[in-house]
Structure formats: C-alpha cells, structure tokens
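I have a structure here, written as structure tokens, and I will follow up with some questions on it.
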Amino acid sequence: MSKSSGKPNIIVIVADDLGYGDIGANGGRIPTPNIDALATSGVRMTHGYATAAVCAPSRAGLMIGRQQTRFGFEFNPAGRDTQRGMSLQETTIAQTLKGAGYRTGIVGKWHLGQTEGYTPLDRGFDSFYGVLGGATPYLTAIGPNDLHVETAEDKLITRDRLPIFDGRTRVEPDAYVTDVFTDKAIEFVDRRSEKPFFLYLAYTAPHTPLQAPAHYLSRVGEKPTNYHRVYAAMLTAMDDGIGKLVRHLKTTGTYDNTLIVFLSDNGCPSYIGGACSNAPLQAWKGYPWDGGIRVPFLVSWPRSIAPGVYSNPVSALDIAATAAAAAGVAHPGAEGRNLVSLVLDPAAHSSRALFWRMGPTRIVREGRWKLVVVNRSAPVGGAPANRATDDLSRSMRPDGVPAVVSALGQWTLLYDLEVDPGEKFNLAERHPEKVKELLQKWDQWNAGNIEPQWTSRRGVAAEVENMWVEMFN
C-alpha cells in the first residue's frame, strides 16, 4: 500500500440498488453504523444524483465522467454486453489515474462489457476480482439457517450465466460474496507498492438475488416479512465490509490521505416486497422521479475536507473530475465538477443544471426546480400502483425501437424540490416560462448526445400520483 504524503489514495464504493432512505444518515430504518460514520467524518451530499435510474448506464457515466448518452450507453444492455460494451473511444477514470502513476483495481460488479477488449483489464485496471455482468448469487448453496427470498429475476441470475473472475480466470468463492469482495478489496489495498492506489469497490449488494447467511440474519432479528429480513441482513453485510475496510486504512496509516466516495448506482426497486426505502423521495429504480436517481452520496478525505453537509445538486459525473483533480491531472472530456472544490468554496461555483435522457423521458434539475417529461400510458389491467409490468407492446414500433412519444402524448411535470421533495405537486401550468426555459436547456444539452447503441428491452408501465406513465431503461 501507499503511505505517500503526496497524491491521495482514491476509493470509490458503489452500492447496487441502495435506496436514498436505506442508510441511517438519511433517516433509514436499517442500522448502517459504518456508512453513517463515513457520513459523519466526511460530507453528506443530500442532493447527490446518479446519471441514470438503472445499473449499467449509471456506471458508464460514473466510469467515463461523461453522460452515457454522449457515447450511446443509454439503456441497460440486458445481456448484449456479452458482445460489446462501453465505447472504446472513451477514456475511463482508471486509464487516467493509471497514467498519473496509480495502481488500479476493481472488486465487484463491472456490467460495462464482458467480451475481449471491453473488460476491466482492457479499460485501465491492473487487477479485477468480481462479476462482469449485472449480478451473481451470493450463496451457491442455501444452508438450513440461511435465507433466499425469491424474486422474478432469480432465474436469470445464476453462477453459470454470471460467474466470478479473478483476472481472466473463473473462480468459485467458498464464502458469502459480499464478504469475499470486502476481503479482496483489503488485499488490493495491502499490496506493497510505492504508488498510490485507485480502488473501485462495486458491491453487488443489496441487488437481487435476495440471499443472506445465518450469521447476518441472526443480527437483524425479526422483521415484518422475509423480504425485510433478508434485505436488512444483506445491507448489514455491506455496512460491515465498509467498516472493516475503513478500520484497515486507519490501522495502516493511510486513512487520512485517502479520498473515499460512497454512493448507490440508482434508487432501490419496487419489486422486493417493500423491504427497501427511497423515502422521502417519490418512486423507484427505473423511474425519472428522485426515488430513481437521487441516491446516498458521501465524500470523505480527512486530510483535505472538514465534516459537513452539502445541499446543492451533485452528480456521479463529478467523481471522475474529482479523482483526476486529486491526482493532479485532467480527465479527458470530463463533464463533472471537482467535489472537493465545491465543498471547500461553494460560493465560487455558479448554479448548474443536470440532465438525463432515457428514451422519450427528459429530465432537468436546476436549483430548486426539476422538470420531467414522460410518456403517458393507458392503465394496465389489474396492476396496482407502483407495480411494474413488461406489457408495453402497444408503444413499440415493429422493429422494437421505443416510440419517441406515446400515442397518448406525454406528461410535462414541474416540481419545486425546495418545498416538495416528494414530487407530488405539478407546477407546470403555473410556471410555463420555467418549463420553456428548462426544455430549451435540455434541447441544447441533448444536441451533444448520440443514438443509443442498443434499444430498450425493459419497458415499465406504472401508476405514480394518479398518472399512468411508461418508461424505458
């Protein structure tokens, strides 16, 4: 490991499908003492946003430091990353930091390309231990006191389809995968080197499959349902792992000069029995409301940043710019801002707008205002509120490309997040000039985007605040 007094070590920790309201620091019901300690000792970004409402596009934006719609990674690959991945014309933050003299490693989930040329070892990482696809089982055998709660996704998430690799060699860990990822992260940190390190620790927790071993289940006690119980145990395992890593940094004298960023890739999903929470935000993973894109977001660097709370909007796009600045270099094409300078002197930075495109869905966040333009949907027979369905054939062209606008038109929604963080009151009719202004800014931003490299295969129709909407991801 590096104890250099110069460039900081850098760790980016990404949770998978963790809700804004899942951590104690954001008012969560599940104890997360180690994540909360990181929030207390660092800066809690209360308006931190992912670049997408689903896994792979969000990670692409983070890894490249440019909005993923700039290079065609607009939708989840849904298996198509076995043939290709992120554009090879783009530079990852690992490539930039490696060029700046860092040793680079990834532990956990990649989901940005599984074939030769697109894997982590081809995109700037010196080492890789984890899964190339979107998820993998945590336990390959369920013991009598372990718990596996089935969801609709389980049949797709098998170790045969989504194996774990050490480098380019397939391996089969003999322990709970979340614990294994923590141990492998510490092994990477411990490798002797005069170079500073960059670690991308991308836990698969608490993404499905919902599995937890007995020793974590025994700690969470009784819960309303098995969904709640297994989810709490999975989050406890990840929180333990983060605490173990931070304690190791402190013990070895590297903590003070280690820049740590913790966030989730998107909000938590609607399909796990209500076990997770995006409270007080509206909606879920895959949705354009803040429950889908606003996430737990923490930054810690004891040597350079005093503890505090930062309430202006920030983005996962900012991580590449921040890491590069800390390393004393520039990241090519970076669209984000340096989070450290934002925290140290927020008055020096003008207001910013954040943008998203998810097929026909348009989103702008600027200051207190948020604009959402989303397709209308006819009610899906028998589906309760906030329940997803895959029946979106009525809005698809014969070639499978989503219609730009639903035959029913679109909802135009404007929210004042300063007084309405739950996005319940549409102010579009009261403020048509603000709607026009934000749409014009979105159009200007969208001019720099390109067509998606693959189409959406995961349409969702759902009821939100008495509106039936359809989304693509």
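The values are calculated or read from the model by the stated rules, or taken from the named source; none is laboratory data. Bear in mind the structure is a predicted one, so any value in this text is a computation, not a measurement. Note that we place each Cβ from the backbone using ideal geometry, even for glycine, and neighbour counts take in every protein chain shown. Protein only, heavy atoms only, side chains kept; ligands, DNA and RNA dropped before computing areas. Shrake-Rupley method; radii C 1.70, N 1.55, O 1.52, S 1.80 Å.
Which of the residues belonging to the range 76-118 are touching a strand residue (DSSP E or B) at 6+ places or on another chain (Cβ under 8 Å), surrounded by 18 or more Cβ atoms within 10 Å (Cβ to Cβ) and β-branched (Val, Ile, Thr)?
Passing the criteria: Ile93, Thr104, Ile106, Val107.
Arg44 fails exactly one of the following numbered conditions: (1) under 18 Å from Gln453 (Cα atoms); (2) in contact with a Phe, Trp or Tyr (Cβ under 8 Å, 6 or more places away or on another chain). What is the number of that condition?
(1)
Consider Arg84 against the criteria (1) within 23 Å of Arg457 (Cα to Cα); (2) within 20 Å of the chain's Cα centre (by Cα); (3) not aromatic (Phe, Trp, Tyr): it satisfies all of them except one. Which criterion is unmet?
Going through (1) within 23 Å of Arg457 (Cα to Cα); (2) within 20 Å of the chain's Cα centre (by Cα); (3) not aromatic (Phe, Trp, Tyr) one by one, Arg84 breaks only (2).
Out of the strands (runs of 3 or more DSSP E) lying entirely within the range 219-329, which hold 2 or more residues that are under 30 Å from Glu153 (Cα atoms)?
Fully inside the range 219-329 and qualifying: 258-264, 297-300.
Test of understanding: among Phe297, Phe188, which residue is among the aromatic types (Phe, Trp, Tyr), at pLDDT 95 or above and either open to solvent by 20 Å² or more (accessible area, probe 1.4 Å) or over 30 Å from Val469 (Cα atoms) (or both)?
Phe188
Taking into account only those residues within the range 335-375 that are of a type in the set (A, V, I, L, M) and without any contact (Cβ under 8 Å) to a residue 12 or more places away in the chain, which is surrounded by the fewest Cβ atoms within 10 Å (Cβ to Cβ)?
Ranking the candidates gives Ala347 first.
Here's the yes/no breakdown for (1) in contact with a helix residue (DSSP H, G or I) (Cβ under 7 Å, 6 or more places away or on another chain); (2) open to solvent by less than 50 Å² (accessible area, probe 1.4 Å); (3) farther than 28 Å from Asn278 by Cα:
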site	(1), (2), (3)
Asp420	no, yes, no
Pro432	no, no, yes
Glu437	no, no, yes
Gln440	no, no, yes
Ala447	no, no, yes
Glu451	no, no, yes
Arg457	no, no, no
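In addition: Please give the strands (runs of 3 or more DSSP E) falling wholly within the range 147-208 in which 3 or more residues are more than 21 Å from the chain's Cα centre (by Cα) and farther than 29 Å from Asn9 by Cβ.
147-149
Being open to solvent by 70 Å² or more (accessible area, probe 1.4 Å) and modelled with pLDDT under 95 narrows it down to one residue among Val380, Val404; which is it?
Within the list Val380, Val404, the selection yields Val404.
Return a yes/no flag: does the range 20-34 have any residue that is in contact with a Gly (Cβ under 9 Å, 6 or more places away or on another chain), aliphatic (A, V, I, L, M), farther than 17 Å from Thr178 by Cα and open to solvent by 30 Å² or more (accessible area, probe 1.4 Å).
Within the range 20-34 (the criterion being in contact with a Gly (Cβ under 9 Å, 6 or more places away or on another chain), aliphatic (A, V, I, L, M), farther than 17 Å from Thr178 by Cα and open to solvent by 30 Å² or more (accessible area, probe 1.4 Å)), the answer is no, since none of the residues qualifies.
Moving on. Being touching a residue at least 24 places away in the same chain (Cβ under 8 Å), of a type outside the set (Ser, Thr, Tyr) and farther than 28 Å from Ser193 by Cβ is true for just one of Asp22, Asp36. Which residue is that?
Result: Asp22 is the single residue among Asp22, Asp36 that is touching a residue at least 24 places away in the same chain (Cβ under 8 Å), of a type outside the set (Ser, Thr, Tyr) and farther than 28 Å from Ser193 by Cβ.
Here's a check for you: in the range 142-173, which residue that is open to solvent by 90 Å² or more (accessible area, probe 1.4 Å) and basic (Lys, Arg) is farthest from Asn226 (Cα to Cα)?
Among those that are open to solvent by 90 Å² or more (accessible area, probe 1.4 Å) and basic (Lys, Arg), it is Arg168.
To continue, here is another question. Given Ser193, Ser218, which one is surrounded by fewer than 23 Cβ atoms within 10 Å (Cβ to Cβ), out of contact with any Pro (no Cβ under 8 Å at 6 or more places or on another chain), modelled with pLDDT under 95 and of a type in the set (S, T, N, Q)?
Matching residue, one of Ser193, Ser218: Ser193.
Say whether the condition of being within 21 Å of the chain's Cα centre (by Cα), open to solvent by less than 10 Å² (accessible area, probe 1.4 Å), of a type in the set (Gly, Ala, Ser) and under 23 Å from Leu62 (Cα atoms) is met by at least one residue in the range 243-261.
No, the range 243-261 has no match at all.
If you don't mind, another one. Report yes if Phe188 is hydrophobic (A, V, I, L, M, F, W, C) and farther than 22 Å from Arg80 by Cα, otherwise no.
The answer is yes for Phe188.
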